[in-house]
Structure formats: structure tokens, C-alpha cells
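Here is the structure we will look at, set down as C-alpha cells.
The values are calculated or read from the model by the stated rules, or taken from the named source; none is laboratory data. For clarity, every value in this text was computed on a predicted model and none was experimentally measured. Counting neighbours? That spans all protein chains shown, and the Cβs are built from the backbone with ideal geometry, glycine included.
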Amino acid sequence: MSTYYSFCTSLITHTRLSIINLLTFYLSHKVVTDMLIHINGSVTMVKAFLSKYPLATHELIHFPLMYPDTLKKYRIRNIPYASLDLLYTYGQACGVSKGALRTTLSRMKKEESIIPVTTDGKPRYRVAPLQIEVMTNMQKKKKEKSGGFTVAIFSFEKSQERERSVTRSLLLYCGFVRFAQNAYINILGKDDQLRKSLNDAGVGDNVYLFNISEIENSDLKKLLSCWKIPERIELLNTFKNDTEQLIENNSLTDADLFFSIGIAWAAYIIHINSTEPPLPLNVLPKDYPYNKLYNYMVKKSIKYSKKMIQYWRSSNSI
């Protein structure tokens, strides 16, 4: 009887342990599976977004390179410049290999669009003054009553195609929009670094920058005809919907939020801000959605700012 009892007790204990082990395995496997599903889902969403709004590698990493300088005016401490390891992680989330990222950083250093810094024995990178000037001017591009304009006009010989291309690239990067042959316009803002960059590129004598305090409404309406506003409205609304999907469905972790908001801002700068007509609200349709999109981007950045800073400090600490 006692032998039989011992056998039954042993069997029950063994069965209990087996069930517990099975449950433990199942739960741990489910956690890992859920994590992999989440990671794969995040990567899929990022890939889908970037397939619709493609970005070159130097455009993708613009956000982490610029991030510390965007926080300076808030006097937030312990925000070091981007380390190489953080840029690798960010690039990986965007489908960029380490080799491609290193090549891009090397080219950006030669172009002096980034500045290498070493504060703790680690290679770190920050943006150059021109990029900070562009960021400052971009923040002023929210649609308001016009505060003035800058018109850029350039002239080159037929043999100077390289110089013409360099000029166009600099103007477009700084937010200028083409409205006529060799003529671009932007909202009035700081242009010291733009002028310096034009001179450094050897094209300063061929480019004329005119600051204009006011343009007649009749002429503004002529400018308006240079852009396809109905198609522009559709683009702005579609971009906002796609950005909402990217951010709202990809916010499980601090890293997810940092990546999704960073990618959204980079796409916004390249696909929206750099092509946005620099025109005041009074000449645009009442339902023009630029401000609505801009406000959404800013509100999400503020809402998740603590989580983004936490990620930056944990992944990029000195």
C-alpha cells in the first residue's frame, strides 16, 4: 500500500512539474514569439512607410544627428551627440547596413555637413551650422501672415552645369522652392550660413539673394498658380494619415517611438517641407492642411518627448 501510495505521489508530482514546465515553456515561447511579431511588424511598417516616402541614407540619419541641437533651447542636460553605435542601431531599423552608413558618414564629413566630436573616447557626430540654420528656418515655415520672403536668382554659363547643380541642391535643402527658370523663393529667415556655403562652393558670385518684406496679393496669386494646390492638399492629407499609422501603431517601446517619430520628421523635411510653397494662409484655400500636419508632428514629439529622451540617454550615454 505504501509503495503504491509513493508511486502515485511521485506520478502526481512529476505530472505537476511537467505541466508547470510545459506552461513555462509556452509562456516564454509566447513572449518571444510576440516580441518577434512586434519587431517584424515594426520593420514592416517602417519599410512600407519608406517605400512610399523614400529617403537616402544621409536623409534618414538627419534626425538623430540633429536631435541634441533641437533640445538645446530647452536646456535639457545629458543629451550627448549621436554615437556611431546609436547611428548603427537607427540605420538598422531603417534597413541601412553598417557599411552603407559608414560610407555616408565619410562623405558627409568631407562635405562638412557633419562635424566629428569626441567627448568620451567614442566617435560622435553633430550637424554643421548650415543644418542648424535650416532647422531654425523650417520651424518658421508654419503658415502664418507673411513676414517677408527671400528670392534667389542665379545665372551660369552652359559649361557650368556642376555649379548650377550645386546651387540648386543648396537652395532646395534650405527650403527654397522653384517658381520660374533659375528663380527660387523662400520665407524670410536667417541666411548667413547659406551665403557662406554658396561662397565656399565657389558659386556665390552667380547667386543673388533678395530679401523682400512684402509681395502684392496679385503677384502672390500668380505664384500660387505655379503649384498644383489640389494635388498638394491630397499629398498633405495622405502624408498625415500615413504618419499617424506609423507612429500610433509603432509605439510599444521607447525605441519604437524614437525611430518612428524620427523617420516621420525626416520624411516630412524631404517630402513636405522642402517642396512646400512659401505662401501665407490668406492666398491658400481655407481647408489647406499644412498647419494641421505640422501641429500633429509637433504635438506627438512633445507628447512622447520623455520616452524619446529616455531612449537617447539609455542608448547613447557617455
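Contact map, region 76-97: residues that are under 12 Å from residue 60 (Cβ atoms) paired with residues that are modelled with pLDDT of 90 or more and outside any helix (DSSP H, G or I), Cβ distance under 6 Å, separation 6+ or inter-chain. Pairs shown: 87/61. In this structure, residue 212 qualifies as more than 26 Å from the chain's Cα centre (by Cα) and surrounded by 12 or more Cβ atoms within 10 Å (Cβ to Cβ). Would you say residue 241 is closer than 22 Å to residue 174 by Cβ and assigned to a helix (DSSP H, G or I)? Spelling it out, it is not the case that residue 241 is closer than 22 Å to residue 174 by Cβ and assigned to a helix (DSSP H, G or I). Filtered by the rule that a residue be in a helix (DSSP H, G or I) and surrounded by 15 or more Cβ atoms within 10 Å (Cβ to Cβ), region 169-184 gives 170, 171, 172, 173. Find the residue count for region 69-118, including only residues that are buried (at least 16 other Cβ atoms within 10 Å of the Cβ) and either outside any helix (DSSP H, G or I) or basic (Lys, Arg) (or both). The qualifying residues number 10.
Each residue in region 229-252 was checked for being touching a residue at least 12 places away in the same chain (Cβ under 8 Å) and under 25 Å from residue 309 (Cα atoms), and 11 of them qualify. Looking only at region 296-307, which residues are under 23 Å from residue 137 (Cβ atoms) and in contact (Cβ under 8 Å) with a residue 12 or more places away in the chain? Residues satisfying the conditions are 296, 297, 300, 301. The residue that is surrounded by the fewest Cβ atoms within 10 Å (Cβ to Cβ), counting only those in region 196-209 that are of a type in the set (A, V, I, L, M) and out of contact with any Leu (no Cβ under 6 Å at 6 or more places or on another chain), is 201.
Residues being more than 24 Å from residue 283 (Cα to Cα) and not in a strand (DSSP E or B) are entirely absent from region 208-226. For region 265-294, a residue qualifies if it is part of a helix (DSSP H, G or I) and without any contact (Cβ under 8 Å) to a residue 40 or more places away in the chain, and the qualifying residues are 268, 272. Scanning region 98-126 for residues that are within 11 Å of residue 65 (Cα to Cα), in contact (Cβ under 8 Å) with a residue 24 or more places away in the chain and in contact with a strand residue (DSSP E or B) (Cβ under 6 Å, 6 or more places away or on another chain) turns up 114, 124, 125, 126.
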